[in-house]
Amino acid sequence: MVSGVSSPKKIDCEQDAAIVVEGLERIYPGGLRAVDGVDLAVASGEIYGFLGPNGAGKSTTVRILTTLLRPTGGRASVAGYDVVEQASQVRRSIGVALQEAALDPLMTGRELLQLQGALHGLRRAESKLRAEELLVRVDLVPASDRLLNTYSGGMRRRLDLAMALVHRPSVLFLDEPTTGLDPVSRTSLWTELRSLNDEGTTIFLTTQYLEEAEQLADRVGIIDHGKIVAEGTPQELGRLVGEPGLYVKLIDQTQSDRARELLTVHGAVSDRAAGGLTIRTGLGARAIAPIVRTLDEAQIEVDAVEVEEPTLDDVFLAVTGHRAEEAAEDDPA
Amino acid sequence: MSTFALERDLATQGRVITALAERALRVQLRRAQFLLPSFLLPLLLLAVIASGTSAAQQLPGFPSTGSYVGFVVSGTIMQGTLLAGLTAGIALAGDIEGGFFDRLLSAPVHRASIVLGRVLGTALIGIAQAVLFLTVAIVIGADFSGGAVGIALTILLAALSASAAAGLGATIALRTGSLSLMQNLFPFVFVLLFTAPAFFPRALLNPVLETISVVNPLSYVVEGMRAALFNSPALGSVWAGFAAGIGSVILTCCLAVWAMRSRVRA
């Protein structure tokens, strides 16, 4: 495993930790080992990104940490409370926004927020006031009295987040909060999460997107087949892949074969399905000038050269030896 | 836990149960396609009976209750409350499949409060059904010699019957988590009804049904309603009705809470 050594909010001792997980296991009836000895610690005030493909064990881990599922081995504590022995105290300390924004489509945004307030012990008047504050915060006042089945995906996600915040939790769990959202809604949610973190909320975020983890997370753990296979800052994980590759697009695609031949002196060249070439030189952006020069000397006109940042799939391939999609196909957990 | 903490916890759980009951009612009313049959089907049956198609009252051994509608309205109420309970189970299965149930589980509320919220909402629907069905029965000729007290006791028994049915519906929903399975349980409502003296006195049921009716708690509830409506111990026992009703509510709610706990462990 790759350990993060330069975490911006590194945990000095267990007292600082909002989440501590030791040897966590979950074996489903039938023998499927969804979580297989996970160890991790998240500091108070940290944003921890939990990455992995579908079926890797992310959601099962979150369900255990949010007391929705019991572990079959190991232990975990959240906000200082054991998730099995002190489940009720854990629930008082956490906010949860699970995958797919599980909201009742036959209720209005305001009704749902007030119900959430009641579930967390707020009196009716307090609950109404808090609902109003949160509707303003997530910019849903105009839609607050409409049924949920008229909300867009982004609006549902914002309401889901607001519901998780009703009781001002110290730790927030978000299970793939931006999956399926358009870029504008995604950016808006990221801004809100950063703002919450600035106010001191610890955030445990699962995602399939490395970009999301890079944008938000102080540290990232990658899970595959129920085990953490890498952990560190997004920069550290990105470096596992090595320097970024370069994508070269030619004006005349019929010159691709000749270009490939010429560019092999700079590094490994591969064709892109959508057209153009990818070159891995080990030099990153520093290879742009020599590559363009080589093509220019051969009178091959270049349309564009782009630096290709490593993706989750690249990191995944580097640390596991297989691609994320293959893992998802292998494991239905 | 100190007395103060216990009182505060009870007050909090009371607010939770009320809020969940309100939500259950509100959503049931907005999902009229599921709720309406629990009002319309029993009314339809009552209307058929009122049209004079049944000569059951002429059978030897049939108790004297004025009109057959007056006798059978207890069965109508029972049918409505069973359908309301099944609808509650369908709604819960929908919450489970849609993920909303996880939101309830991740909140700091007692598991029993989640069940009781749903049960209370259904009990209120049961009360509304009983008021409607009794009103219709009176309009079409039933005369209840038990008076206002008998009617009030019948409405309470209807609330218990709806609560027990909701507890049973919740148990099945929690055990299976399947919306489609819940929707296919409608025929079983009629099995429960016909193995209780819902439309005929127990003495006129065939021997097999009569034997089964002895262990069906609905028998005592429906007979209790009749005894209350006609102030007649010959038709049943109000006390036995309440005992069976309360016992069924406790049993089904405990089963539902148990099913919920198993679901988290599974």
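Quick notes on this structure:
- Of all residues in the range A:21-40 being of a type in the set (A, V, I, L, M, F, W, C) and surrounded by 19 or more Cβ atoms within 10 Å (Cβ to Cβ), the one that is nearest to A:Glu211 (Cα to Cα): A:Leu40
- Residues in the range A:229-250 that are among the aliphatic types (A, V, I, L, M) and buried (at least 23 other Cβ atoms within 10 Å of the Cβ): 3 in all.
- Evaluation of A:Ala164 against (1) within 13 Å of chain B (Cβ to nearest Cβ); (2) without any contact (Cβ under 8 Å) to a residue 60 or more places away in the chain (one fails), failing number: (2)
- Answer from B:Pro207, B:Pro187 - the residue that is without any contact (Cβ under 8 Å) to a residue 40 or more places away in the chain and within 21 Å of B:Leu36 (Cα to Cα): B:Pro187
- Scanning the range A:257-287 for residues that are among the hydroxyl-bearing types (Ser, Thr, Tyr) and out of contact with any strand residue (DSSP E or B) (no Cβ under 6 Å at 6 or more places or on another chain) turns up A:Thr264, A:Thr281.
- Among all positions in the range A:109-116, there is no residue which is within 14 Å of another protein chain (Cβ to nearest Cβ), in contact (Cβ under 8 Å) with a residue 40 or more places away in the chain and of a type in the set (D, E, K, R).
- Within the range A:117-144, the only residue that satisfies the criterion of being within 14 Å of chain B (Cβ to nearest Cβ), of a type in the set (Gly, Ala, Ser) and surrounded by fewer than 20 Cβ atoms within 10 Å (Cβ to Cβ) is A:Ala125.
- Candidate set: the range A:16-35, residues that are assigned to a strand (DSSP E or B) and within 12 Å of A:His225 (Cβ to Cβ); chosen: the one nearest to the other protein chains (Cβ to nearest Cβ): A:Ala34
- Some residue of the range A:64-76 being at pLDDT 90 or above and of a type in the set (Lys, Arg): yes
- Selection count, the range A:68-81, where residues are at the interface with chain B (Cβ under 8 Å from one of its Cβ atoms) and in contact with a Ser or Thr (Cβ under 9 Å, 6 or more places away or on another chain): 2
- When every residue of the range A:152-162 is checked against the conditions, at least one turns out to be modelled with pLDDT under 95, assigned to a loop (DSSP other than H, G, I, E, B) and assigned by TED's automatic domain parsing to the domain that holds A:Asn54.
- Meets criteria (of a type in the set (A, V, I, L, M, F, W, C) and under 20 Å from the mean Cα position of the chain (by Cα)) for B:Ala159: yes
- Whenever a residue of the range B:1-29 is hydroxyl-bearing (Ser, Thr, Tyr), its partners that are at pLDDT below 90, lying with C-beta atoms within less than 8 angstrom and at least six residues away or across chains, give the pairs B:Thr12/A:Gly121.
- Filtering the range A:34-66 to residues that are in contact with a Pro (Cβ under 9 Å, 6 or more places away or on another chain), of a type outside the set (S, T, N, Q) and more than 20 Å from A:Ala17 (Cα to Cα) leaves A:Val35, A:Gly55.
- Hits in the range A:129-151 - residues which are in a loop (DSSP other than H, G, I, E, B) and at pLDDT 90 or above: A:Leu140, A:Ser144, A:Asp145, A:Arg146, A:Tyr151
- Criterion: of a type in the set (Phe, Trp, Tyr), surrounded by 17 or more Cβ atoms within 10 Å (Cβ to Cβ), modelled with pLDDT under 85 and not in a loop (DSSP other than H, G, I, E, B) - qualifying residue of B:Phe39, B:Phe34, B:Phe4: B:Phe34
- Every residue from the range A:223-237 that is over 16 Å from A:Glu46 (Cα atoms), among the small types (Gly, Ala, Ser) and assigned to a strand (DSSP E or B): A:Ala230
- Checking every residue in the range A:99-109 against the condition of being over 23 Å from the mean Cα position of the chain (by Cα), closer than 24 Å to B:Ala21 by Cα and among the aliphatic types (A, V, I, L, M) gives at least one match.
- Residues that are out of contact with any Pro (no Cβ under 9 Å at 6 or more places or on another chain) and within 7 Å of chain B (Cβ to nearest Cβ), drawn from the range A:82-102: A:Leu98, A:Glu100, A:Ala102
- Residue in the range B:161-174 that is at pLDDT 95 or above and more than 30 Å from A:His120 (Cα to Cα) present: yes
- Residues of the range B:12-28 that are more than 9 Å from every other protein chain (Cβ to nearest Cβ), under 14 Å from B:Pro108 (Cα atoms) and aliphatic (A, V, I, L, M): B:Ile17 alone.
- Complete set of residues in the range B:7-22 that are crowded, with 20+ Cβ neighbours inside 10 Å and under 19 Å from the mean Cα position of the chain (by Cα): B:Ile17, B:Leu20
- Restricting the range B:59-106 to residues that are farther than 27 Å from B:Asn184 by Cβ and free of Cβ contacts under 8 Å to residues at least 60 places away in the same chain leaves a set whose member that is surrounded by the most Cβ atoms within 10 Å (Cβ to Cβ) is B:Ser106.
- The range B:204-226, residues that are buried (at least 24 other Cβ atoms within 10 Å of the Cβ) and of a type in the set (A, V, I, L, M, F, W, C): B:Leu218, B:Val221, B:Val222, B:Met225
- Of all residues in the range A:177-225 being under 18 Å from A:Val166 (Cα atoms) and among the small types (Gly, Ala, Ser), the one that is surrounded by the most Cβ atoms within 10 Å (Cβ to Cβ): A:Ser195
The values are calculated or read from the model by the stated rules, or taken from the named source; none is laboratory data. Quick caveat, the model's predicted, so the values are computed rather than measured. Note that we place each Cβ from the backbone using ideal geometry, even for glycine, and neighbour counts take in every protein chain shown.
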